[in-house]
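Taking it in order: structure first as structure tokens, then the write-up.
The values are calculated or read from the model by the stated rules, or taken from the named source; none is laboratory data. On a predicted model such as this, the values are computed, not experimentally measured, just so you know. Using ideal geometry, Cβ is built from the backbone for each residue, glycine included, and neighbour counts are taken over all protein chains shown.
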Amino acid sequence: MRIAGWLVLSVAIVAGLTVAASRAAEEPPAGPTTPPSEANAPATVQPPASTVPVTPKDAAPPPSVTIIGASDAHGVLGRDVRSAADEDMGRIVDIIVDRTGHVRAAVIDFGGFLGVGSRKIVVDWNAMRFGKIANKKDSITLELTKAQVAAAPEYKEDTPMVVLGASGSLQPLQAIQ
């Protein structure tokens, strides 16, 4: 009987210590004592923290969505370029835009064999025709001859560029102030 009494007493002590430890963990830590002058001051009530997200007044509207059919538009980088006489003119490797974001020209990797001896030239965007580009194998037609493109100066990045255009279609780029 004595053993049962000790067992019950041990369980009660462990349970009491567990409850006391959990209550101590939930209570805020004791801070410094309040000076007597502030002891009689009314307590300030803090408003509860808001759980509703605050949206700034100038929040961006949701973006617009446009759906373009797979047969209505295609990428042009890496696309082959051919002349009206079906001569190989190279491949589009870059697009040139002005400061307003308007497409002005395409950079074509022209000439050479397997990348050796090729050079980049710039052609006016309006000199290209995109009529039949249903898949990646279809090419873009350039309204220039192979001789005209071969005579064009080479394009080098960060230098003034000479843009080769179809007869009468090229307009000079106006400086934006």
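Structural remarks
- Output for region 43-84, where each listed residue is among the β-branched types (Val, Ile, Thr) and at pLDDT 80 or above: Val65, Thr66, Ile67, Ile68, Val76, Val81
- Subset of region 141-152 [at pLDDT below 90 and within 34 Å of the chain's Cα centre (by Cα)]: none
- Candidate set from region 97-122 (those that are crowded, with 18+ Cβ neighbours inside 10 Å and hydrophobic (A, V, I, L, M, F, W, C)); member that is farthest from the chain's Cα centre (by Cα): Phe110
- Selection count, region 69-105, where residues are of a type in the set (A, V, I, L, M) and part of a loop (DSSP other than H, G, I, E, B): 6
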